[in-house]
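The values are calculated or read from the model by the stated rules, or taken from the named source; none is laboratory data. Predicted model only: the values in this text are computed from it and were never measured. Glycine gets a Cβ as well: all are built from the backbone with ideal geometry, and neighbour counts include every protein chain shown.
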Amino acid sequence: MSTTKILSIAVAAGVFATIAAAQTRSAPEAENSIVTAEAPAAAARANTNTAQVEFLVEALRSSLGETRMGELATRQSYDQRVRDYGEKLKVDHTAHATEIERLLEPLGVTIPTEPSAEALTNIAALGRLSGQEFDAAFVQQMVWAHTEAIEKYGAQTHANPDRSLHEFASKSLTMLREHLAQAEALR
C-alpha cells in the first residue's frame, strides 16, 4: 500500500474519531472504568457483550433522532394530527433515551448525545419541506423507521440472554408498535 493511501486512511480515521468524540459525552466514570469514543471497543475491554452495547448505542441514537423528528413535526406540519403525533414522539422518545442512558451508564461506555448521521440527514431533508409535502414525507419516514426498529428490538427479545436488556426491548416494542400504528393511520 502506498504511503499516500496509508496517510489518507490515517487522516480519515482521525477525522471520524474527532466527529464521534464531539457527538458523545462520557458516562460517569466508575473506578477503573474505561471511557472512549468507541463504545463497542470499550465494552469489549470491560468484558461486556459488544453486540448488546452496539444495540443500545444504536437505539439511543435512534431515539435521539425520533425526538428531533417529533420536534420538527410540531413546528413544520400544517395537520394538527401530525403535530400531535410529533409531540407524542418527542415525549416518548425522550423518556426512552433516558432509559437507554440508564442502561449504558454502568457499562462505562461513551454515551451518544446526537442522532446518527443518517437521522441527521433525514431531519435536514424533511426540514426543507412544508405543508402536505412535509406531512407525507414525515409519515413515510416514521412508518419506515418504526418498522425497522421493531425488527431490531424483536431480535433482542428472542436472542438476548441479558434479562434487563430483554425486558427493556420487550417494553420498547409496545411503544414502537403503537407509534407505527399511529403513523400508518396518518397515511
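Observations on the structure shown:
- Residue pairs whose Cβ atoms lie under 6 Å apart, separated by 6 or more positions or on different chains, with the first residue in the range 51-67 and without any contact (Cβ under 8 Å) to a residue 40 or more places away in the chain and under 22 Å from Lys88 (Cα atoms) and the second among the aliphatic types (A, V, I, L, M) and assigned to a helix (DSSP H, G or I), are Ser63/Ala97.
- Out of Ala30, Ala46, Ala22, sole residue that is surrounded by 15 or more Cβ atoms within 10 Å (Cβ to Cβ), modelled with pLDDT under 95, of a type in the set (A, V, I, L, M) and at negative phi: Ala46
- Restricting the search to helices (runs of 4 or more DSSP H) fully inside the range 75-187 and requiring at least 3 residues that are in contact (Cβ under 8 Å) with a residue 60 or more places away in the chain and surrounded by 15 or more Cβ atoms within 10 Å (Cβ to Cβ) gives 80-104, 131-159, 163-185.
- Filter result (among the polar types (S, T, N, Q) and in contact with a helix residue (DSSP H, G or I) (Cβ under 8 Å, 6 or more places away or on another chain)) within the range 76-108: Gln76, Ser77, Thr94
- Of the criteria (1) at pLDDT below 95; (2) under 16 Å from the mean Cα position of the chain (by Cα), which one Asn160 fails: (2)
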